[in-house]
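Visitor: Below are the structure tokens for one structure; questions will follow.
The values are calculated or read from the model by the stated rules, or taken from the named source; none is laboratory data. Not measured: the values here are computed from a predicted model. Cβ: placed from backbone, ideal geometry, glycine included. Neighbour counts: every protein chain shown. Accessible surface areas use protein heavy atoms only, side chains included; no ligands, DNA or RNA. Shrake-Rupley method; radii C 1.70, N 1.55, O 1.52, S 1.80 Å.
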Protein chains: 4
Amino acid sequence: MSTATFGSICFDTGCFWKDGSKISKVNKPKEGKMFVKCAVTKTQKPNKEVRIGVLGASGYTGSEIVRLLANHPHFGITLMTADKKAGQSIGSAFPHLVTQDLPDMVSVKDANFSDVDAVFCCLPHGTTQEIIKALPKGLKIVDLSADFRLQNISEYEEWYGQAHRAPDLQKEAVYGLTELLREEVKSARLVANPGCYPTSVQLPLVPLIKANLIEFRNIIIDAKSGVSGAGRGAKEANLYTEISEGIYSYGITRHRHVPEIEQGLSEAANSKITISFTPHLMPMNRGMQSTIYVEMAPGVTIDDLYHQLKISYEGSSSAKFMQIDNLVKGASGQALQNLNVMMGYPENTGLLYLPLFP
Amino acid sequence: MSTATFGSICFDTGCFWKDGSKISKVNKPKEGKMFVKCAVTKTQKPNKEVRIGVLGASGYTGSEIVRLLANHPHFGITLMTADKKAGQSIGSAFPHLVTQDLPDMVSVKDANFSDVDAVFCCLPHGTTQEIIKALPKGLKIVDLSADFRLQNISEYEEWYGQAHRAPDLQKEAVYGLTELLREEVKSARLVANPGCYPTSVQLPLVPLIKANLIEFRNIIIDAKSGVSGAGRGAKEANLYTEISEGIYSYGITRHRHVPEIEQGLSEAANSKITISFTPHLMPMNRGMQSTIYVEMAPGVTIDDLYHQLKISYEGSSSAKFMQIDNLVKGASGQALQNLNVMMGYPENTGLLYLPLFP
Amino acid sequence: MSTATFGSICFDTGCFWKDGSKISKVNKPKEGKMFVKCAVTKTQKPNKEVRIGVLGASGYTGSEIVRLLANHPHFGITLMTADKKAGQSIGSAFPHLVTQDLPDMVSVKDANFSDVDAVFCCLPHGTTQEIIKALPKGLKIVDLSADFRLQNISEYEEWYGQAHRAPDLQKEAVYGLTELLREEVKSARLVANPGCYPTSVQLPLVPLIKANLIEFRNIIIDAKSGVSGAGRGAKEANLYTEISEGIYSYGITRHRHVPEIEQGLSEAANSKITISFTPHLMPMNRGMQSTIYVEMAPGVTIDDLYHQLKISYEGSSSAKFMQIDNLVKGASGQALQNLNVMMGYPENTGLLYLPLFP
Amino acid sequence: MSTATFGSICFDTGCFWKDGSKISKVNKPKEGKMFVKCAVTKTQKPNKEVRIGVLGASGYTGSEIVRLLANHPHFGITLMTADKKAGQSIGSAFPHLVTQDLPDMVSVKDANFSDVDAVFCCLPHGTTQEIIKALPKGLKIVDLSADFRLQNISEYEEWYGQAHRAPDLQKEAVYGLTELLREEVKSARLVANPGCYPTSVQLPLVPLIKANLIEFRNIIIDAKSGVSGAGRGAKEANLYTEISEGIYSYGITRHRHVPEIEQGLSEAANSKITISFTPHLMPMNRGMQSTIYVEMAPGVTIDDLYHQLKISYEGSSSAKFMQIDNLVKGASGQALQNLNVMMGYPENTGLLYLPLFP
């Protein structure tokens, strides 16, 4: 029998045939399976005004930055790093990005920043401080890790279990909750991109706190997150078989996003706010929902709260983009929004795609 | 207790707060739950050159057309129909489209085509023929149903169980497998958009058949599809609880895509080809994989097949876009690709988004 | 070509071949697809002491009762009703039950109760009252609907939108939260099986309220449920494509389980308790998690609460079975537990299976 | 504020509260979250006739053996090993087994076999040979790995990349496809439990081959499997985010189950059979479907095939249990079926549970 098998492997919305002809020759010369990659239009990459480096491109937030930049009119990627996958193309790490005509990934230590104007730093917590400290001073940086989110470095040490290694940079870092701190982001060199949970909590609560519409006590946050927020690291707890058909509460009372949320709310209140925060892991890829329970201040009605939120976000001419998501808004999307602001572009540039459904 | 509850409902990649203040007032005046919709940038809709009508906008293929057109530089929607949801906005039928500033949906019989240049017809099989027959003759039409896909109207009657009601239109209709029939599509008025399974099968097989590289017998297609292809109709078989954690074979030997596939392959072979086709339903939303088993012609090697496919699709300067998917390529995406061709635009206009992952 | 195709369709943990030979002959006499059902051991059904009728066997709770009884040593099914699927076997409605040697389903009006000692009533809310009223008086009944859960029939009218049609039966009905009302269940003729959400909330809170360990105000319940609780009705909102990859809050402030929960907690407190209850629908089949936020009474510690719960459930010699689930404990499982109690059998009879994982 | 939070974590069908009081005290003495484990009936474990050791109890097949034995009337577990989780209880590795009153897991090297009559060996391929070689000779063994499945040890070396380390044991090993080799299994000391794919393929094909009803050429197997078959090892490819919403073909032309299938079919045919085998990974936990394409022998009809399969499995008085699944039949279930046969018990003892749905 001399047969051939074709297959088209489908990733979410796309479909690629893979070349399997080499393997097929090893075993049985007369039979073959053939997976052929389709020709797909190379995304046009004319020279862009801002040359971007993505540190940690082989993780989920890194790959999401690459995806978002594919259609950005001003930002073009010139450098990608990935220590464990150095030498590989982004398409080999993420088949859905196989059509992108981009340089191969290199290890951070081999990275050449001479062609880079701005950096998205998508590296793990803890190691990020020293890497950012060593970057050329002229670079604009949006850091997606938690390393520069807590203004108080002793709080960092308490929650992350190690002394902060770049306290001077911490003083310089701006917390990048774009809608609330747009002016500070505009002139920042280093932006600490907020966590996904803190984003989903601060956006509705900060305006209400500032307007004294809610009590500062008894704030209860019951948050539900998809799995992509856990990243691409191979952990037993994040296997398909462990996650599907279940709900998991985790980090009870000790989730590291608690101090970040309390920092933001306390600043808005001008007094110390503590919260009750319970995160849950859901069997879905993306997305996050925070259900928030608050007590209204005396005399305040639901309509007052509604009105305040309406004017806080609709009233502002520049605060148009409000999609909240643990990748698009919570991490990569907000990171891009921040760099847009830092570089003087409209903040929703490259972010106007509609969500997929179903 | 005077409490308020905030929630943000997340649809796939986006997140919206909903106004629940009205309900909350009904029951307990002092407590309220508040879901507030975020302000999101209205997609800019300058006047576009081509005015589009979407018939059947409340189904999955219709809504996908709306999503794809949101960023199309030349096509702008001026009419949407949905008989059961007439009078509603697209955002009420599909929350992920809530940001689109579009006219409310109307019933087909109330549709005014005076502001329409071209139509995507996303209606069910069977009823489509008479609706298209009644449309103004000047309209360009891409029909996503199966009603004009089979050239032989007696074959239509056999497989769809009713006589064809627009045999003259059938003669005019062009089968819209863009890569293979681009020239015919270019000058067509009515394009029958291919089915998702037939697309995934004909694209790899037709070039191999034309080049006499494979035998015309014993072609076996084992296809796996996501659930969105079944549409948004409320059927017990498509409930979450019925689909998840299972695989279903369906339409064994009698799937209606069989004559469509055999029509295309036979035309390429210049002789009658019959296939063995087994579709399976998978617990996933989108995507499709067809694993195809063929016998190679004598003396032909895997490398010959590979080479042929490579030149068939990479060699052609205009056949760049090749994502195959049961919504993006199989239905709505290919429909848009076809209308681009019919209107003289680059065929991948508005189709350059990368797939989401994860 | 004279080929045959075999397939084995897998439902959750089992796998069946189906006979497709009849269809295959229609079209192409020389080719065939064959799905052959395996021979599976018929579950042995010796004559059991208690003859069971299942009203509404074609829904999820009904089928779960059938599954649980398959290995029950004392209960044997002699009657099953299903109005829309009257005349069909349970295996045609639920392939995973195909091995059960049971009578075909009949419509309720044709049901013969002469061979029935006890009934599980798995019918929709609203219609159940009249059907139960018409049953022979000698039958023991566990009603899985909400029709007899609210002691106050004016509350029933408020929340269910119709006057109660069997107020006398309501007075007789016992609320079947087994662990808390075991003695009442023991002597009951009609048991109102609790809702799934109320079960998950009352079991932990009632002992704490009775022991005055928590404040009666500010009780917040954030509940997450799988989809099976929504039943097998064909609704757009419960399609696979609508549910997967999302979270939905529903019934905000007006979920019908609120009065049921408040009834139970208020009775325990001897004073009116109101709660804040937010249910969410999750992309999973079974299972439920209620995250409950309470204020501790002055001087009470976490350890006090823990100790109380420990003695409340471990201390009781008969309260061993505590699995909580929206089918096994929340509906069908608790219904069986209740009938075990009503008939004088150990309450976990037939309920000792371990959960599947993964 | 002095609040407490209760949560109930739900695993598939069960629900457990967890004690989180210790963590809660670390941070904020006045607030606490409390997860309390319910009291659940300890499964009764009277002394059983056959004392079972489970080697590799912390993996999915090992835990499934534990689950299945929980209700087995004759087999009782006296030893469990797990090198990485030595010293832990089975409940700490698998919360759904928390109610089982079983000895803690030990490392294999510390295992004491003096209280063991039979062993399920659930260890990885490759390391199993030497461990089984070192076991006391009096033990009955069912090996779930691939180490003793291939009779030809040079074929083992070719496909598994290392020389076989127990060639004498290989000669003794019986291939445990129970329905087809029941007599050999009955008297075996060491049974090589078949792979899940080979089971799903050999059961339908072997009787047809033996009866000369199908051609021995052009056998095409398109197999789809759930994820649990990949085991509990932490691999990037098996993360929830990688698996959900996609289909993956893998092991094209080189899957290690190919020689096992060809061995079984060739033996039935008394001549060398080669197959075309394409496995696919599906977004579901359990279950497997193999769609098999064969050519019928001249003059043979679909009805002939159907009849043969019917008599092959229904005709045999002892071949009643036929559920095919990649855990229940494919691995753990078939392993238990085999040990039942080896110990002289009815082969479906402890295997009569019905599948869950939904």
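Visitor: Quick one: net charge of B:Ile273's neighbours, Cβ under 11 Å, K/R +1, D/E -1?
Guide: Net charge around B:Ile273: -1.
Visitor: Heavy atoms only, probe 1.4 angstrom, no DNA, RNA or ligands counted: give me C:Glu172, C:Glu215 ranked by accessible area, highest first.
Guide: Heavy-atom accessible area, descending, gives C:Glu172, C:Glu215.
Visitor: Also, quick follow-up: When a/c reaches 1.5 or more, the comparison of a/b and b/c decides; with that in mind, is segment A:149-237 rounded, prolate or oblate per its Cα gyration tensor?
Guide: Oblate shape, in that a/c is at least 1.5 and b/c is the bigger or equal ratio.
Visitor: Using the structure shown, list the pairs from B:Lys272/D:Lys272; A:Lys224/B:Lys85; D:Lys186/D:Lys210 with a Cα-Cα distance above 27 Å, or answer none.
Guide: In this structure, B:Lys272/D:Lys272; A:Lys224/B:Lys85 exceed 27 Å between Cα atoms.
Visitor: What are the distances, in nm and sorted shortest first, from the label point of C:Lys210 to the label points of the same position in each other copy, with each label point placed 7 Å from Cα along the Cα-to-Cβ direction?
Guide: Going from nearest to farthest copy, the values are 5.1, 6.2, 8.0 nm.
Visitor: Out of the total accessible area of segment B:198-314 (probe 1.4 Å, heavy atoms of protein only), what percent is carbon and sulfur?
Guide: About 50 percent, which is the carbon plus sulfur part of the accessible surface.
Visitor: While we're on this one: Considering only C-alpha atoms, what is the centroid distance from segment B:75-123 to segment B:125-179, in Å?
Guide: Using only Cα atoms to place each centre, the spacing works out to 22 Å.
Visitor: Give the interface area between chains A and B as buried accessible surface, both sides summed, probe 1.4 Å, in Å² to the nearest 100.
Guide: 7300
Visitor: Averaged per residue, what accessible surface does segment C:244-307 expose to a 1.4 Å probe, in Å²?
Guide: On the way: 1840 Å² over 64 residues.
Here the per-residue accessible area is 29 Å².
Visitor: Distances from B:Glu157 to the same position in the other copies: list them in nm, one decimal, shortest first, using label points 7 Å from Cα along Cα→Cβ.
Guide: Copy-to-copy label distances at B:Glu157, shortest first: 6.2, 6.9, 8.8 nm.
Visitor: Restricting to segment B:198-314, compute how many DSSP beta bridges are antiparallel as a %, nearest 5.
Guide: Once the DSSP bridges in segment B:198-314 are tallied, antiparallel ones form about 55 percent.
Visitor: Within 10 Å of each Cβ in D:92-99, how many Cβ atoms from other chains are there, averaged over the peptide?
Guide: So the per-residue partner count for this stretch is 3.
Visitor: Shape verdict for segment A:198-314, please, from the Cα gyration tensor: rounded (a/c under 1.5), prolate (a/b greater than b/c) or oblate. If you can, show how the numbers build up before the last one.
Guide: Details: a/c = 2.58, a/b = 2.10, b/c = 1.23.
Prolate.
Visitor: Among B:58-71, A:199-212, what's the highest-first ranking by average C-beta atoms within 10 angstrom per residue? Mind dumping the intermediate values first?
Guide: Working: B:58-71: 24.5, A:199-212: 22.6.
Per-residue Cβ counts within 10 Å, averaged per peptide and sorted highest first, yield B:58-71, A:199-212.
Visitor: Moving on to the next point. Of the listed peptides C:218-228, C:290-300, what is their order by residue-averaged count of other C-beta atoms within 10 Å, with the highest listed first?
Guide: Peptide ranking by packing, descending: C:218-228, C:290-300.
Visitor: Taking each residue in A:268-277, count the Cβ atoms of any other chain within 10 Å of its Cβ, then average. What number comes out?
Guide: Mean inter-chain Cβ contacts per residue within 10 Å come to 2.
Visitor: While we're here: Across peptide D:196-202, what mean number of C-beta atoms from other chains lies inside 10 Å of a residue's C-beta? Show your work: numbers first, answer last.
Guide: Working: counts 0, 0, 0, 1, 4, 2, 0.
The per-residue average across the peptide is 1.
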